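The values are calculated or read from the model by the stated rules, or taken from the named source; none is laboratory data. It should be emphasised that the depicted structure is a prediction, and the values quoted were computed from it without experimental measurement. When we count neighbours, we look across all protein chains shown, and the Cβ atoms used for this are built from the backbone with ideal geometry, even at glycine. Heavy atoms of the whole protein, side chains included, go into the accessibility calculation; ligands, DNA and RNA do not. Shrake-Rupley method; radii C 1.70, N 1.55, O 1.52, S 1.80 Å.
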Amino acid sequence: MKRNSLSSFYVSLWLLFTAVILQAVESAKGKYAHMLFNELFEDYSNALRPVEDTDKVLNVTLQITLSQIKDMDERNQILSAYLWIRQSWYDAYLKWDKDKYDGLDSIRIPSNLVWRPDIVLYNKADDDFSEPVNTNVVLRYDGKITWDAPAITKSSCVVDVSYFPFDSQQCNLTFGSWTYNGNQVDIINSLDSGDLSDFVEDVEWEIHGMPAVKNVITYGCCSEPYPDVTFTLILKRKSSFYIFNLLLPCILISFLAPLGFYLPADSGEKVSLGVTVLLALTVFQLMVAEIMPPSENIPLIGKYYIATMTMITASTALTIIIMNLHHCGSEAKPVPQWARVVILDYMSKIFFVYDVGENCTSPKREKEEECKLEGDDECQRRHKEVRNHLSNRNDDCDLKEKLNGNLSKSYGVHGENVRETVNCCSCYKMLIKNIEYIANCVRDHKANRAKGIEWKKVAKVMDRFFMWIFFIMVFFMSVLVIGKAA
């Protein structure tokens, strides 16, 4: 126990001694730092370029670190990004011998005390022209100054939305000196691209690179060259959100348009379904138009909406025409012969349109012929029987009239039998005329009804035809959109 207590005492004593030494060293370094600061900035001016020879070019090394994408405003074409901007240069008037200051090799001082290059973002799209953030700079004994400053930049970016929501964007960030030309301040790339090691993943955009290129441009106002460094931010949109909220609902709604042709004509909802689908797509089109810039480049999803709306408008117009065919009555002309052959004979079999009680195992033509033959023969047979029966009765009446006339002439007999016979014959004649009139009316009614049924079947066949045509169009339009996205 005594040995453990003694060892603990020695350890505590050693830690106390070390802390006192470190505090003394820090105090010494702080003393030398104050002394160094007073000597360096005694006659220093941050208004002039820190070079001993005014004809000498001052090199400024620039490095950009992308930390986060704040926002991409496609409509106003503005990119908001959170950057870390590092600039380093050599100040000829801020050097010292570190051995004279107890090995002090660097100090940190406010950036507004030293000369700073006026490097700005050329394509800035913000109304705020405030001064850069006054963070500290690191000053080394050899005169090298390193200035790290965070910045939230808003830069103009030409947005191409032709393939929205499967688009890629390239936004430039151009940095250069505003007043110093290339003969006074030259900008050097620290890296070949922007630093993306500390990038916070964005929910909407993927970063595919940030290459840097140095440009030397001579502007029309001045004859001196002005160097700048352009960082190109390559962005790829994550399209899952737009697929599930804009594209997929449109595809599902567009598949409802061909089903309007399958809806029964007597339901009275065929036209209203097309109009409802058209209004729904108009709402989605307005949602896309609100977030897109008003440019000549129509986005891919906008083209899909317009094509689908055009198709639905055409389907509604065709539905109205087919409804007129369906409701053709007795006043309509008979179905033309070519329509009977093409539509009723061939197309009805292709699209499996059959009458009530008719199926693919009992062809339409055979049933119609059988019904016509049975119906016509039975009707004609019965009509002949009635006419023969009535004719026989008329013949009997005529014979009776002749016999009665002969008897009356021979015997001079005029009685009630003669009158009854004459009345009976006149009743049979009136009955024949009435029966013929009724038969003609029934025949005309059947003909008109058969004519209306034929027009209804023509309308039904055309409904099925256009339904499959529009289904194929919607399918290929959807595949085309997905193919262009891939």
The one condition in (1) farther than 24 Å from Q87 by Cβ; (2) surrounded by fewer than 15 Cβ atoms within 10 Å (Cβ to Cβ); (3) not small (G, A, S) that L256 fails to fulfil: (2)
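Are any residues in segment 126-183 of a type in the set (G, A, S), more than 30 Å from Y93 (Cα to Cα) and touching an Asp or Glu at 6+ places or on another chain (Cβ under 9 Å), and if so, which ones? Step through it out loud before you land on a result.
Within segment 126-183, the first condition is being of a type in the set (G, A, S), and the residues that meet it are 130, 143, 149, 151, 155-156, 162, 168, 176-177, 182.
Narrowing further to those that are more than 30 Å from Y93 (Cα to Cα): 155-156, 162, 168.
Within segment 126-183, S155, S168 qualify.
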Residue list for segment 96-118, restricted to those being under 13 Å from F41 (Cβ atoms) and either open to solvent by 30 Å² or more (accessible area, probe 1.4 Å) or in contact with a Gly (Cβ under 7 Å, 6 or more places away or on another chain) (or both): P110, N112, L113
Residue identified as without any contact (Cβ under 8 Å) to a residue 12 or more places away in the chain and either at positive phi or not hydrophobic (A, V, I, L, M, F, W, C) (or both) among G302, G268, G274: G268
Breaking point among (1) out of contact with any Asp or Glu (no Cβ under 9 Å at 6 or more places or on another chain); (2) open to solvent by 60 Å² or more (accessible area, probe 1.4 Å); (3) in contact (Cβ under 8 Å) with a residue 12 or more places away in the chain; (4) assigned to a helix (DSSP H, G or I), for Y242: (2)
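Can you list the strands (runs of 3 or more DSSP E) lying wholly within segment 187-238 that have 1 or more residues being open to solvent by 60 Å² or more (accessible area, probe 1.4 Å), touching a Leu at 6+ places or on another chain (Cβ under 8 Å) and under 27 Å from D167 (Cβ atoms)?
Here the list reads 205-207.
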Qualifying residue in segment 184-192 (condition: farther than 22 Å from L233 by Cβ and polar (S, T, N, Q)): yes
Unique residue being under 29 Å from K56 (Cβ atoms) and crowded, with 16+ Cβ neighbours inside 10 Å when the list is N181, N172, N134: N181
Positions within segment 259-310 being open to solvent by less than 40 Å² (accessible area, probe 1.4 Å), under 30 Å from L325 (Cβ atoms) and under 11 Å from the mean Cα position of the chain (by Cα), in sequence order: L281
Output for segment 425-483, where each listed residue is at pLDDT below 70 and touching an Asp or Glu at 6+ places or on another chain (Cβ under 8 Å): C425
Count of segment 321-330 residues which are loosely packed, with under 15 Cβ neighbours inside 10 Å, in contact with a helix residue (DSSP H, G or I) (Cβ under 6 Å, 6 or more places away or on another chain) and assigned to a helix (DSSP H, G or I): 0
Any hit, segment 291-313, residues being of a type in the set (G, A, S) and more than 18 Å from V159 (Cβ to Cβ): yes
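Of everything in segment 240-254, what is closer than 15 Å to V481 by Cβ and under 10 Å from the mean Cα position of the chain (by Cα)? Give them in sequence order.
To start, the set of residues in segment 240-254 that are closer than 15 Å to V481 by Cβ comprises 242-244, 246-254.
Y242, I243, F244, L246, L247, L248, P249, C250, I251, listed by residue number.
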Residue count, segment 78-89 (criterion: crowded, with 19+ Cβ neighbours inside 10 Å and of a type outside the set (V, I, T)): 6
Neighbours by Cβ (under 6 Å, 6+ apart or cross-chain): first from segment 452-478, assigned to a helix (DSSP H, G or I) and open to solvent by 40 Å² or more (accessible area, probe 1.4 Å); second at pLDDT 85 or above and of a type in the set (K, R): none
Residue check, P150 surrounded by 13 or more Cβ atoms within 10 Å (Cβ to Cβ), touching a Phe, Trp or Tyr at 6+ places or on another chain (Cβ under 6 Å) and on the phi < 0 side of the Ramachandran plot: yes
